[in-house]
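The values are calculated or read from the model by the stated rules, or taken from the named source; none is laboratory data. None of the values given here were measured: they were computed from a predicted structure. Here the Cβ positions follow ideal geometry from the backbone for every residue, glycine too, while neighbour counts run over all protein chains shown.
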Amino acid sequence: MAVQQDTIWERFLSPVFRLLIDEDKWRRYADSIDWERESDRFRQADVTFPQYYSSQNFHGIKDGYLNYRAAVSYDPITEYVLPPNETLVRQALIDAVKVQPRRILDLGCGTGSTTLMLKQAFPQAEVIGLDLSPYMLVRAEDKAKTAGLEIVWQHGNAEKTSFSDACFDLVTAALLFHETPNVVCREILRESFRLLVAGGQVLTLDGNQKTLRQLDWLNNIFEEPYIREYADGNIDASMGSAGFEAVRTYDVWWIHQLSSGIKPTPVNNAQQYTRTSIDTTIDNNDWGELGSPAFGIMA
Ligand SMILES: C[S@@+](CC[C@H](N)C(=O)[O-])C[C@H]1O[C@@H](n2cnc3c(N)ncnc32)[C@H](O)[C@@H]1O
C-alpha cells in the first residue's frame, strides 16, 4: 500500500480542525511523555501485530496506531467526529448494558474513553481495556489515573486474547469494527462469545452500516482502510454466526449503530456462573427506555 506521508494534522485537520483544537496543548502533552519507555511497560512479547493492522495507515497517520501521534491526536479529533456529541454517543452503549457486570472487557479500547465510562457506570466491576497499540494504552492509563479510576490495561489482540473461557459478564467494542476487515470482526465476535459467561452480553458501538452504504462520500474523509468493507458487512449476522442470541442493532443518531447479543444459556448449564439477578432480557420496550437516542431496529 502507498504510504501516506502527511499526517492527519497536515492533511485533514488543517484548516478546519486547527481552529478547534489547541495544538500547543497537545504538543506539550506529547513532549511530556517518554513514549517508548512508557509503551514498553505494556508491550507483551507474545503479541504479534496482524498484517491488516501493521500494514496500513489509519486516519492518515503513518504506522497507524503503532505510533504515539495516534494516541495524542485521537481524543481531540474524536470529540468532533461523533455527532451530535461524543459523550452522548458513548452513553448509548452504557445505557444498553442489560447485565449486572462483575467483569467487563473493552476490546480495542484505544485511549479508553468508553472504558472509563464503563468503570464510572459500574464501579464495583473489574474493568479491563485491551488494545493492540501500547501507545493508546499509555494514553488510556494516563486518563484513568487523572480520573482516579482503577482499570487494568492489557496489550493484546482481540481476535485471540489470553483470557480463559467464560470469565466476563460483558464484552464491549466501541469504534473497533470499522477498523478491521470483516473476517477479523467475525473472529473478534467469536472470541467475545468464548470469553462470556452464559447469559453474558456483547455490545458494539460503531458507524451505522446502513448510513455508510448510502453516504459513500463519508467513507473518504477519514482514511479508514476497511470502512467500505465494514459498511457492506452486517454486524447482526456476524453476531448470529458467532452464536449470540437476542441479537439487535439500533440506530444511534442515524450515523452510529449499537448492536447487542446475549450468549445463550445451555440447556445443560453446568458451566454457567452462579450469579444473582442478572437481567439478560432484551426487548423493544426496554430499549425504548434508553436514556440516549437509540432508536429504530435496522433492516
Ligand atoms: C478507532 S479506535 C477505537 C478506540 C476506542 N474503543 C474508542 O471508542 O475510542 C480502534 C482501536 O482498535 C484497536 N485495534 C484494532 N484492531 C485490534 C485488535 N485486533 N485487537 C485489539 N485492538 C485492536 C486500535 O489499536 C485502536 O486503538
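Count, please, the residues in region 166-181 that happen to be of a type in the set (D, E, K, R) and either without any contact (Cβ under 8 Å) to a residue 40 or more places away in the chain or in contact with a strand residue (DSSP E or B) (Cβ under 6 Å, 6 or more places away or on another chain) (or both). Total satisfying the criteria: 1. Quick one: would you say LEU149 is out of contact with any Asp or Glu (no Cβ under 8 Å at 6 or more places or on another chain), aliphatic (A, V, I, L, M) and either crowded, with 24+ Cβ neighbours inside 10 Å or assigned to a helix (DSSP H, G or I) (or both)? Considered against the rule, which asks whether it is out of contact with any Asp or Glu (no Cβ under 8 Å at 6 or more places or on another chain), aliphatic (A, V, I, L, M) and either crowded, with 24+ Cβ neighbours inside 10 Å or assigned to a helix (DSSP H, G or I) (or both), LEU149 comes out as no. Please determine whether any residue of region 253-265 is farther than 26 Å from LEU212 by Cα, surrounded by fewer than 17 Cβ atoms within 10 Å (Cβ to Cβ) and at pLDDT 95 or above. Yes, because at least one residue in region 253-265 is farther than 26 Å from LEU212 by Cα, surrounded by fewer than 17 Cβ atoms within 10 Å (Cβ to Cβ) and at pLDDT 95 or above. If you go through region 148-169 and pick out every residue that is under 16 Å from VAL127 (Cβ atoms), more than 15 Å from the ligand (Cβ to nearest atom) and of a type in the set (Gly, Ala, Ser), you end up with 1. Count of region 152-175 residues, restricted to those that are of a type outside the set (Ser, Thr, Tyr), out of contact with any Lys or Arg (no Cβ under 7 Å at 6 or more places or on another chain) and assigned to a loop (DSSP other than H, G, I, E, B), is 8. ARG139 meets the conditions (1) within 13 Å of the ligand (Cβ to nearest atom); (2) basic (Lys, Arg); (3) farther than 19 Å from TYR65 by Cα in every case but one. The failed one is (3). Being surrounded by 15 or more Cβ atoms within 10 Å (Cβ to Cβ), part of a loop (DSSP other than H, G, I, E, B) and at pLDDT 95 or above is the filter here, so list the residues in region 11-49 that pass it. Listed by number, the residues that qualify are ILE33, PHE42, VAL47. Going by the conditions given, is ASP63 of a type in the set (Asp, Glu) and part of a loop (DSSP other than H, G, I, E, B)? Yes, satisfied. Listed by first and then second residue, the pairs linking a residue in region 115-136 that is assigned to a loop (DSSP other than H, G, I, E, B) to a residue that is at pLDDT 95 or above and not hydrophobic (A, V, I, L, M, F, W, C), with Cβ atoms under 6 Å apart and 6 or more places separating them unless they lie on different chains, are PHE122/PRO101; ALA125/PRO101; ALA125/ARG102; LEU132/ASN157.
Summed over region 91-119, the residues that are under 18 Å from ASP251 (Cβ atoms) and either more than 10 Å from the ligand (Cβ to nearest atom) or surrounded by fewer than 24 Cβ atoms within 10 Å (Cβ to Cβ) (or both) give a count of 5. Scanning region 180-222 for residues that are within 14 Å of the ligand (Cβ to nearest atom), more than 18 Å from THR249 (Cβ to Cβ) and of a type in the set (Asp, Glu) turns up GLU187, GLU191.
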